[in-house]
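Following: one structure in structure tokens, then a few remarks.
Since every read-out is calculated from the coordinates, none of them should be taken as a lab result. Quick caveat, the model's predicted, so the values are computed rather than measured. Neighbour counts are summed over all protein chains in view; Cβ atoms, including those assigned to glycine, are modelled from backbone coordinates with ideal geometry.
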Amino acid sequence: MSLRRVHSQVVLGLTAVLLIFGAVFNMYGQAGEDITNDRVIQMSKMGLDDDIIIAKIKTGHPKFSLGDQDLINLKTSGVSGKVVAAMLESSVLTTAVVKIDGKPVELHTLGEVKTGGRLGHGITMGIKAVKAKAYMEGPHAPVVASASPKIELELPPNDTIDNYIVVVMNGKSDRRELEVGSAGASVGAKVGVRAEDVMKTSSESLGNRHYKITCHKDLKKGEYIVYIVGSPDTIHGIYGKGYDFTVE
């Protein structure tokens, strides 16, 4: 067999593989794609197993409409009850959706605890307090807000707006710190965010589990976090969670 013929067969083979890949890619979509009601109906009519459709829902970005009439349309279109249940489950929030000045803010975790004052604590026989500090990497948050930020939250079921407080963080050159505890003879043992670091705010219900938090005074230039009360899980190395932002 000539070298030219072998080359031609290789090219034809690669072309066929690419065409097949393209067809499969278009049929099943890219991982992380938007999954709508119409997409679920399409996959059901293609004869895909329920488990496959549910996996697509879990790995994609669900954008479902699930009113009464929508549920009826899904049923009459042949979507199984198992798949509809997965659609409903995927639409339930597990964490708050937060926007500050209209900008989406991601939930971040406060990691390793940094302790300060150990030397003074030892020298003063325990009178000087040892402070425990949690921190986030980076000198600034990805989101920049105004001095009077518009903080909007959509809360998951069984959550309450009282769990969300605005806290000022101590900005460093490479991180942002938050004191989460202290211990000493004069102060005893304290766990939690310091009261003086918590901004005075008020909250307003906008209906349908949507809320707005308003700061009583303009915030000074610096680093802040919408901190979730009760979020620390120190056994697993989590010293708090929240939605951080920077005021410039």
* Within region 189-204, find all residues whose amide N lies under 17 Å from a label point positioned 7 Å from the Cα of Leu93 along Cα-to-beta-carbon. => 203-204
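So if I take the alpha carbon set of region 173-237, get Rg, then get Rh from the Kirkwood formula, what is the Rg over Rh ratio?
Working: Rg = 15.4 Å, Rh = 14.9 Å.
Taking Rg over the Kirkwood Rh, I get 1.03.
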